[in-house]
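Input: a single structure, listed below in C-alpha coordinates.
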Amino acid sequence: MPTSLESKLILSAPFKWMGDAKTGFLKILDQRELPQKETHLECRAVKEAAFAIKTLAVRGAPAIGVAAAFGCVLGAQRGKTKEAIEELKASRPTAVNLFWALNRIRKLSNHDPETVLQEARKIEQYEKDNCLAIGRHGLALLKNKSRAMTICNTGALCTGGIGTAVAPFFLAHAEGRPIQVYALETRPLLQGARLTAWELSRAGIDVTLICDGAAAHTIREKKIEIVIAGADRIAANGDSANKVGTYALALAAHYHKVPFYIAAPSSSFDLATPSGDQITIEERSKEEVTRWKNTPAAPDNISVFNPAFDVTPNNLIAGIITEKGLIHPPYKETIAKILK
Ligand code: MRU
(Lines give C-alpha, C1' and ligand atoms only; values in the text may rest on other atoms or scores of the structure.)
Protein backbone atom coordinates (compact mmCIF):
# COMPACT_ATOMS: atom_id res chain seq x y z
CA MET A 1 0.00 0.00 0.00
CA PRO A 2 1.41 3.45 -0.85
CA THR A 3 1.81 5.77 2.16
CA SER A 4 -0.20 9.00 2.23
CA LEU A 5 3.02 10.89 1.36
CA GLU A 6 3.60 8.67 -1.70
CA SER A 7 -0.01 9.16 -2.83
CA LYS A 8 0.19 12.92 -2.28
CA LEU A 9 3.33 13.09 -4.42
CA ILE A 10 1.78 10.80 -7.10
CA LEU A 11 4.72 8.38 -7.15
CA SER A 12 4.61 5.27 -9.32
CA ALA A 13 5.97 1.98 -8.00
CA PRO A 14 8.60 0.37 -10.25
CA PHE A 15 7.43 -3.19 -9.51
CA LYS A 16 4.85 -5.28 -7.69
CA TRP A 17 4.75 -8.95 -6.81
CA MET A 18 1.39 -10.31 -7.98
CA GLY A 19 -0.33 -13.27 -6.36
CA ASP A 20 1.05 -15.85 -3.99
CA ALA A 21 4.60 -17.18 -3.64
CA LYS A 22 4.05 -20.46 -5.49
CA THR A 23 2.22 -19.23 -8.58
CA GLY A 24 2.71 -15.44 -8.57
CA PHE A 25 4.79 -13.26 -10.88
CA LEU A 26 6.70 -9.99 -10.94
CA LYS A 27 4.99 -7.04 -12.59
CA ILE A 28 7.42 -4.33 -13.73
CA LEU A 29 6.60 -0.80 -14.88
CA ASP A 30 8.58 -0.55 -18.14
CA GLN A 31 10.65 2.60 -17.56
CA ARG A 32 11.97 2.55 -21.14
CA GLU A 33 8.54 3.72 -22.31
CA LEU A 34 8.15 6.56 -19.79
CA PRO A 35 6.91 9.24 -19.79
CA GLN A 36 4.91 8.60 -22.99
CA LYS A 37 3.39 5.27 -21.99
CA GLU A 38 2.80 3.46 -18.71
CA THR A 39 3.11 -0.17 -19.79
CA HIS A 40 3.96 -3.18 -17.65
CA LEU A 41 5.98 -6.35 -18.17
CA GLU A 42 4.95 -9.60 -16.53
CA CYS A 43 8.02 -11.61 -15.53
CA ARG A 44 7.16 -15.26 -14.95
CA ALA A 45 10.64 -16.70 -15.44
CA VAL A 46 14.03 -15.69 -14.02
CA LYS A 47 15.40 -14.91 -17.47
CA GLU A 48 12.60 -12.39 -18.01
CA ALA A 49 13.43 -10.62 -14.74
CA ALA A 50 17.16 -10.62 -15.58
CA PHE A 51 16.40 -9.26 -19.06
CA ALA A 52 14.22 -6.48 -17.58
CA ILE A 53 17.16 -5.43 -15.37
CA LYS A 54 19.73 -5.70 -18.18
CA THR A 55 17.67 -3.63 -20.61
CA LEU A 56 16.75 -1.01 -17.96
CA ALA A 57 13.01 -1.69 -17.95
CA VAL A 58 13.68 -1.56 -14.22
CA ARG A 59 16.72 0.43 -13.18
CA GLY A 60 18.39 2.37 -10.37
CA ALA A 61 20.53 0.78 -7.69
CA PRO A 62 18.01 0.01 -4.90
CA ALA A 63 15.28 -0.93 -7.41
CA ILE A 64 17.38 -3.52 -9.22
CA GLY A 65 18.29 -5.09 -5.87
CA VAL A 66 14.63 -5.46 -4.92
CA ALA A 67 13.59 -6.60 -8.42
CA ALA A 68 16.34 -9.25 -8.37
CA ALA A 69 15.15 -10.48 -4.96
CA PHE A 70 11.63 -10.90 -6.38
CA GLY A 71 13.20 -12.54 -9.45
CA CYS A 72 14.62 -15.20 -7.12
CA VAL A 73 11.07 -16.17 -6.12
CA LEU A 74 10.53 -17.19 -9.76
CA GLY A 75 13.59 -19.44 -9.44
CA ALA A 76 12.36 -20.80 -6.10
CA GLN A 77 9.06 -21.77 -7.76
CA ARG A 78 11.07 -24.24 -9.88
CA GLY A 79 13.41 -25.29 -7.05
CA LYS A 80 16.25 -23.35 -8.74
CA THR A 81 17.03 -20.41 -6.47
CA LYS A 82 20.82 -20.82 -6.69
CA GLU A 83 20.73 -20.78 -10.50
CA ALA A 84 18.42 -17.74 -10.35
CA ILE A 85 20.92 -15.88 -8.15
CA GLU A 86 23.71 -16.55 -10.67
CA GLU A 87 21.61 -15.46 -13.64
CA LEU A 88 20.45 -12.26 -11.94
CA LYS A 89 23.97 -11.42 -10.75
CA ALA A 90 25.11 -11.31 -14.37
CA SER A 91 22.49 -8.71 -15.36
CA ARG A 92 24.41 -5.51 -14.42
CA PRO A 93 27.85 -5.09 -12.82
CA THR A 94 28.11 -1.69 -11.10
CA ALA A 95 25.30 -1.21 -8.57
CA VAL A 96 26.30 -3.16 -5.48
CA ASN A 97 22.69 -3.23 -4.23
CA LEU A 98 22.03 -6.03 -6.73
CA PHE A 99 24.73 -8.24 -5.21
CA TRP A 100 23.80 -7.23 -1.66
CA ALA A 101 20.14 -8.26 -2.18
CA LEU A 102 21.07 -11.52 -3.91
CA ASN A 103 23.46 -12.31 -1.08
CA ARG A 104 20.64 -11.91 1.42
CA ILE A 105 18.58 -14.43 -0.57
CA ARG A 106 21.56 -16.80 -0.88
CA LYS A 107 22.04 -16.80 2.90
CA LEU A 108 18.47 -17.94 3.66
CA SER A 109 18.41 -21.33 5.34
CA ASN A 110 15.39 -22.34 3.26
CA HIS A 111 14.82 -21.54 -0.40
CA ASP A 112 11.15 -22.42 -0.69
CA PRO A 113 9.07 -19.77 -2.53
CA GLU A 114 7.35 -18.49 0.66
CA THR A 115 10.63 -17.84 2.47
CA VAL A 116 12.22 -16.18 -0.56
CA LEU A 117 9.16 -13.98 -1.13
CA GLN A 118 9.12 -12.99 2.53
CA GLU A 119 12.78 -11.91 2.31
CA ALA A 120 12.18 -10.01 -0.95
CA ARG A 121 9.32 -8.12 0.72
CA LYS A 122 11.58 -7.33 3.69
CA ILE A 123 14.25 -5.91 1.35
CA GLU A 124 11.58 -3.85 -0.44
CA GLN A 125 10.34 -2.39 2.85
CA TYR A 126 13.90 -1.79 4.08
CA GLU A 127 14.70 0.33 1.01
CA LYS A 128 11.44 2.25 1.37
CA ASP A 129 12.23 3.07 4.99
CA ASN A 130 15.78 4.07 4.01
CA CYS A 131 14.42 6.58 1.49
CA LEU A 132 12.31 8.31 4.11
CA ALA A 133 15.22 8.53 6.55
CA ILE A 134 17.57 9.82 3.80
CA GLY A 135 14.94 12.40 2.89
CA ARG A 136 14.76 13.64 6.48
CA HIS A 137 18.55 13.89 6.87
CA GLY A 138 18.83 15.63 3.50
CA LEU A 139 16.03 18.05 4.38
CA ALA A 140 18.12 19.32 7.30
CA LEU A 141 20.87 20.20 4.79
CA LEU A 142 18.53 22.26 2.65
CA LYS A 143 17.89 24.69 5.57
CA ASN A 144 17.28 27.96 3.73
CA LYS A 145 18.68 26.66 0.43
CA SER A 146 16.10 26.40 -2.32
CA ARG A 147 18.03 26.18 -5.64
CA ALA A 148 19.22 22.61 -6.13
CA MET A 149 20.61 20.45 -8.91
CA THR A 150 20.55 16.70 -9.50
CA ILE A 151 21.43 14.10 -12.15
CA CYS A 152 19.88 10.86 -13.43
CA ASN A 153 16.80 9.46 -11.70
CA THR A 154 16.89 8.75 -7.99
CA GLY A 155 13.17 8.88 -7.26
CA ALA A 156 10.43 6.35 -6.64
CA LEU A 157 11.17 4.61 -9.94
CA CYS A 158 14.71 4.00 -8.74
CA THR A 159 13.90 2.82 -5.22
CA GLY A 160 10.26 1.88 -4.64
CA GLY A 161 10.18 4.56 -1.89
CA ILE A 162 10.44 8.36 -2.09
CA GLY A 163 13.93 8.13 -3.58
CA THR A 164 17.43 9.01 -2.42
CA ALA A 165 18.92 12.22 -3.87
CA VAL A 166 15.49 13.67 -4.62
CA ALA A 167 13.87 12.57 -1.33
CA PRO A 168 14.80 15.86 0.44
CA PHE A 169 13.15 17.78 -2.43
CA PHE A 170 9.95 15.74 -2.11
CA LEU A 171 9.86 16.32 1.65
CA ALA A 172 10.62 20.05 1.32
CA HIS A 173 7.77 20.36 -1.17
CA ALA A 174 5.39 18.34 1.02
CA GLU A 175 6.17 20.75 3.89
CA GLY A 176 5.39 23.74 1.69
CA ARG A 177 9.01 24.94 1.61
CA PRO A 178 10.22 26.63 -1.60
CA ILE A 179 12.35 24.32 -3.73
CA GLN A 180 13.55 24.74 -7.29
CA VAL A 181 15.32 21.78 -8.90
CA TYR A 182 17.52 21.79 -12.00
CA ALA A 183 17.59 18.27 -13.45
CA LEU A 184 20.31 17.14 -15.86
CA GLU A 185 18.82 15.30 -18.83
CA THR A 186 21.36 12.44 -18.36
CA ARG A 187 22.55 11.22 -21.72
CA PRO A 188 22.41 8.76 -23.35
CA LEU A 189 19.21 7.20 -21.97
CA LEU A 190 17.68 10.39 -20.57
CA GLN A 191 16.75 9.15 -17.11
CA GLY A 192 16.79 12.80 -15.96
CA ALA A 193 14.58 14.10 -18.76
CA ARG A 194 12.18 11.17 -19.02
CA LEU A 195 11.96 10.08 -15.40
CA THR A 196 13.11 12.77 -12.93
CA ALA A 197 11.43 15.64 -14.78
CA TRP A 198 8.26 13.48 -14.92
CA GLU A 199 8.30 12.45 -11.25
CA LEU A 200 9.11 15.91 -9.87
CA SER A 201 6.66 17.80 -12.07
CA ARG A 202 3.86 15.31 -11.30
CA ALA A 203 4.53 15.96 -7.60
CA GLY A 204 4.11 19.69 -8.25
CA ILE A 205 7.80 20.54 -7.72
CA ASP A 206 9.31 23.42 -9.68
CA VAL A 207 11.72 21.50 -11.96
CA THR A 208 13.79 22.83 -14.86
CA LEU A 209 15.41 20.46 -17.31
CA ILE A 210 18.91 21.23 -18.61
CA CYS A 211 21.33 19.50 -20.98
CA ASP A 212 24.21 17.75 -19.19
CA GLY A 213 26.65 20.14 -20.83
CA ALA A 214 24.80 23.15 -19.33
CA ALA A 215 25.48 22.12 -15.72
CA ALA A 216 28.49 24.38 -14.99
CA HIS A 217 26.88 27.37 -16.71
CA THR A 218 23.61 26.82 -14.81
CA ILE A 219 25.39 26.47 -11.45
CA ARG A 220 26.94 29.89 -12.02
CA GLU A 221 24.05 31.69 -13.73
CA LYS A 222 21.19 30.36 -11.60
CA LYS A 223 23.16 30.52 -8.34
CA ILE A 224 22.72 26.86 -7.44
CA GLU A 225 23.14 26.36 -3.69
CA ILE A 226 23.35 22.57 -3.37
CA VAL A 227 23.91 19.55 -5.63
CA ILE A 228 22.70 16.08 -4.59
CA ALA A 229 23.32 12.89 -6.61
CA GLY A 230 22.69 9.21 -5.93
CA ALA A 231 25.20 6.35 -5.98
CA ASP A 232 25.43 2.85 -7.38
CA ARG A 233 28.46 1.81 -5.36
CA ILE A 234 30.38 3.66 -2.65
CA ALA A 235 33.85 2.36 -1.89
CA ALA A 236 35.29 2.15 1.65
CA ASN A 237 37.08 5.50 1.15
CA GLY A 238 33.92 7.32 -0.04
CA ASP A 239 34.71 7.35 -3.78
CA SER A 240 31.25 7.05 -5.34
CA ALA A 241 30.17 5.51 -8.63
CA ASN A 242 27.03 7.00 -10.12
CA LYS A 243 25.54 7.72 -13.53
CA VAL A 244 28.07 9.01 -16.03
CA GLY A 245 28.22 12.81 -15.83
CA THR A 246 28.18 12.88 -12.03
CA TYR A 247 31.97 13.33 -11.83
CA ALA A 248 31.83 16.33 -14.17
CA LEU A 249 28.93 17.75 -12.15
CA ALA A 250 30.91 17.36 -8.91
CA LEU A 251 33.91 19.12 -10.49
CA ALA A 252 31.73 22.00 -11.62
CA ALA A 253 30.15 22.28 -8.16
CA HIS A 254 33.58 22.22 -6.51
CA TYR A 255 34.89 24.98 -8.79
CA HIS A 256 31.92 27.15 -7.87
CA LYS A 257 32.15 26.28 -4.14
CA VAL A 258 28.69 24.70 -4.15
CA PRO A 259 28.39 21.70 -1.78
CA PHE A 260 28.06 18.40 -3.62
CA TYR A 261 26.39 15.56 -1.68
CA ILE A 262 25.83 11.89 -2.40
CA ALA A 263 22.59 10.35 -1.05
CA ALA A 264 22.43 6.56 -0.76
CA PRO A 265 21.32 3.77 1.57
CA SER A 266 23.69 1.37 3.39
CA SER A 267 23.02 -1.21 0.67
CA SER A 268 24.98 1.00 -1.78
CA PHE A 269 28.22 0.80 0.22
CA ASP A 270 30.86 -1.76 -0.64
CA LEU A 271 33.38 -1.88 2.19
CA ALA A 272 35.25 -4.72 0.47
CA THR A 273 36.23 -2.30 -2.29
CA PRO A 274 38.94 0.03 -0.95
CA SER A 275 38.60 2.83 -3.53
CA GLY A 276 36.84 3.84 -6.72
CA ASP A 277 39.73 2.43 -8.79
CA GLN A 278 38.45 -1.09 -8.13
CA ILE A 279 34.79 -0.40 -9.09
CA THR A 280 33.70 -2.13 -12.30
CA ILE A 281 32.16 0.44 -14.62
CA GLU A 282 29.50 -0.98 -16.92
CA GLU A 283 30.04 -0.24 -20.60
CA ARG A 284 26.90 -0.38 -22.71
CA SER A 285 26.22 -0.73 -26.41
CA LYS A 286 27.25 1.90 -28.95
CA GLU A 287 23.66 2.06 -30.25
CA GLU A 288 22.60 3.81 -27.03
CA VAL A 289 24.73 6.74 -28.19
CA THR A 290 24.34 6.57 -31.97
CA ARG A 291 20.53 6.16 -32.01
CA TRP A 292 17.47 7.31 -30.09
CA LYS A 293 15.05 4.38 -30.27
CA ASN A 294 15.07 3.78 -34.04
CA THR A 295 16.28 7.20 -35.11
CA PRO A 296 19.97 7.53 -36.07
CA ALA A 297 21.76 10.33 -34.20
CA ALA A 298 25.32 9.71 -35.44
CA PRO A 299 27.07 7.89 -38.27
CA ASP A 300 26.47 4.17 -37.76
CA ASN A 301 30.13 3.24 -38.22
CA ILE A 302 31.48 5.74 -35.67
CA SER A 303 33.61 4.49 -32.72
CA VAL A 304 31.82 4.93 -29.40
CA PHE A 305 32.90 4.70 -25.76
CA ASN A 306 29.78 4.38 -23.64
CA PRO A 307 30.51 4.01 -19.90
CA ALA A 308 27.21 3.98 -17.99
CA PHE A 309 28.80 5.26 -14.77
CA ASP A 310 31.76 7.26 -13.50
CA VAL A 311 33.48 7.62 -10.14
CA THR A 312 33.45 10.86 -8.17
CA PRO A 313 36.54 11.02 -5.95
CA ASN A 314 35.83 11.44 -2.23
CA ASN A 315 37.53 14.86 -2.02
CA LEU A 316 34.76 16.38 -4.17
CA ILE A 317 32.01 15.09 -1.85
CA ALA A 318 30.90 17.39 1.01
CA GLY A 319 28.98 14.58 2.72
CA ILE A 320 27.14 11.30 2.15
CA ILE A 321 23.50 11.30 3.22
CA THR A 322 22.47 7.84 4.42
CA GLU A 323 19.50 6.51 6.39
CA LYS A 324 21.81 6.46 9.44
CA GLY A 325 22.66 10.15 9.12
CA LEU A 326 25.17 12.37 7.33
CA ILE A 327 28.66 10.94 6.85
CA HIS A 328 31.51 13.51 6.73
CA PRO A 329 35.14 13.20 5.66
CA PRO A 330 37.52 11.58 6.51
CA TYR A 331 35.35 8.91 4.91
CA LYS A 332 37.60 5.91 5.52
CA GLU A 333 37.08 6.30 9.27
CA THR A 334 33.54 7.69 9.34
CA ILE A 335 32.05 5.17 6.86
CA ALA A 336 33.49 2.23 8.80
CA LYS A 337 32.20 3.68 12.09
CA ILE A 338 28.67 4.52 10.92
CA LEU A 339 28.05 1.36 8.89
CA LYS A 340 29.46 -1.02 11.48
O1 MRU B 1 21.68 3.09 -15.38
P2 MRU B 1 20.71 3.41 -14.27
O3 MRU B 1 19.54 4.20 -14.73
O4 MRU B 1 20.34 2.19 -13.48
O5 MRU B 1 21.56 4.35 -13.29
C6 MRU B 1 20.98 4.79 -12.10
C7 MRU B 1 21.80 5.77 -11.38
O8 MRU B 1 22.94 6.02 -11.71
C9 MRU B 1 21.22 6.40 -10.16
O10 MRU B 1 21.71 7.71 -9.99
C11 MRU B 1 21.59 5.57 -8.96
O12 MRU B 1 21.20 4.26 -9.09
C13 MRU B 1 21.06 6.24 -7.77
S14 MRU B 1 20.38 5.26 -6.53
C15 MRU B 1 18.86 5.88 -6.13
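The values are calculated or read from the model by the stated rules, or taken from the named source; none is laboratory data. Keep in mind it's a predicted model, so treat the numbers as computed, not measured. Ideal geometry is used to build each Cβ from the backbone, glycine not excepted, and the neighbour counts take in all protein chains shown. To get the accessible areas, we keep the full protein, side chains included, count just its heavy atoms, and leave off ligands, DNA and RNA. Shrake-Rupley method; radii C 1.70, N 1.55, O 1.52, S 1.80 Å.
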Can you list which of the DSSP-assigned H helices in the chain have a Cα extent of 20 Å or more along the long axis and an average Kyte-Doolittle score of at least 0.5? 61-76
Counting pairs of alpha carbon atoms under 8 Å apart in space and at least six apart in sequence, what relative contact order in percent does segment 1-119 give? 23
With Rg and the Kirkwood Rh both taken from Cα atoms, where does Rg over Rh land for segment 6-127? 0.95
Under 13 Å by backbone N from the virtual spin label 7 Å along Cα-to-Cβ at ARG106, the residues of segment 60-84 are 82-84
Amide H contacts under 5 Å for GLU283, restricted to residues at least 5 apart in sequence or on another chain and with H modeled in the peptide plane, are ALA308
Just GLU175, GLU114, GLU283 to compare: in a GNM of the chain, with alpha carbon springs under 10 Å, which one fluctuates most? GLU175
In whole percent, the fraction of accessible protein surface over segment 82-169 that belongs to carbon or sulfur atoms, probe radius 1.4 Å, stands at 49
What are the trypsin sites (Lys or Arg not before Pro) within segment 235-318 that DSSP puts in a loop, where the Cβ has at most 11 other Cβ atoms within 10 Å? LYS257, LYS293
Greater than 19 Å separation of Cα atoms is the criterion. Which listed pairs, LYS257/LYS332; LYS37/LYS293; LYS16/LYS47; LYS8/LYS143, meet it? LYS257/LYS332; LYS8/LYS143
Solvent-accessible area per residue, Å², over the chain with all protein chains present [probe radius 1.4 Å]: 43
Pair SER275, LYS257: separation of 7 Å Cα→Cβ label points (nm): 2.9
Residue among GLN77, GLN125, GLN278 with the largest mean-square fluctuation in a Gaussian network model of the chain, springs linking Cα atoms under 10 Å: GLN278
Here the relative contact order (percent) of the chain, from C-alpha pairs under 8 Å and at least 6 apart, is 16
Checking ASN153, ASN294, ASN315 against a Gaussian network model of the chain (alpha-carbon springs below 10 Å), the top fluctuating residue turns out to be ASN294
What percent does the relative contact order of segment 220-273 come to when contacts are Cα pairs within less than 8 Å and at least six residues apart? 49
Any idea how far the Cα center of segment 174-208 sits from the one of segment 57-112, in Å? 30
Potential lengthening between GLU38 and GLN118 on full extension [0.36 nm per residue; Cα-Cα distance subtracted]: 26.0 nm
Globularity ratio of segment 135-339, using Cα Rg and 2.2 N^0.38 Å: 1.00
Between rounded, prolate and oblate, where does segment 153-262 land on the alpha carbon gyration tensor, with a ≥ b ≥ c its root eigenvalues, rounded for a/c under 1.5, else prolate if a/b exceeds b/c? rounded
Taking 0.36 nm per residue of separation and subtracting the Cα-Cα distance, what length does fully extending LYS80 through TRP292 add? 72.6 nm
Expressed as a percent, the accessible surface of segment 235-290 that is carbon or sulfur, using a 1.4 Å probe and the full set of protein chains, is 53
